[in-house]
Amino acid sequence: MDNTARMLDPQTQPQQAPKKQQKTAPVVQPQPSKHVAFSPLERVLVCTIAIAVTTIAILCLFAQFGLSGARRTYQNTQTKISQTATQIDTYQQSVSELTASSRLTAFAKAHGLTVVNGSIKQAVK
């Protein structure tokens, strides 16, 4: 045998070790989702919560309507108070003008009378 590469007989080639096949995990097909039924307790809870939410919403609406009515009544009352205060001021000004000493003196002179200041009585608050 010399140093050259030896020639192998193609029929006598050494057999390769059998390859181990890797087992792949079977692919699980997702099944269509099934409808999960509510238990009776869950149905009662859902209905109770729905009724509670609806009741709270209705109560909030009634509270808003009541509040707006009260606000309107308050504004009307404030307007009436303001009008009454203005009217009282007007009446007080009229009383002051009618009871002024210069007016009384002018009225007395116009009718040929004399004014005696001691005889004039004024109501004082």
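Are any of the residues in the range 81-102 aromatic (Phe, Trp, Tyr), open to solvent by 100 Å² or more (accessible area, probe 1.4 Å) and assigned to a loop (DSSP other than H, G, I, E, B)?
The answer is no; no qualifying residue exists.
Any residue at all in the range 11-25 that's farther than 30 Å from Asn117 by Cβ, assigned to a helix (DSSP H, G or I), out of contact with any His (no Cβ under 9 Å at 6 or more places or on another chain) and at pLDDT 95 or above?
For the range 11-25, residues farther than 30 Å from Asn117 by Cβ, assigned to a helix (DSSP H, G or I), out of contact with any His (no Cβ under 9 Å at 6 or more places or on another chain) and at pLDDT 95 or above: absent.
The values are calculated or read from the model by the stated rules, or taken from the named source; none is laboratory data. Nothing here was measured: the structure is a model prediction, and the numbers come from that model. Note that each Cβ is placed from the backbone with ideal geometry, even for glycine, and that neighbours are counted across all protein chains shown. Ligands, DNA and RNA are stripped out before the accessible areas are found, and what is left, the full protein with its side chains, is counted by its heavy atoms. Shrake-Rupley method; radii C 1.70, N 1.55, O 1.52, S 1.80 Å.
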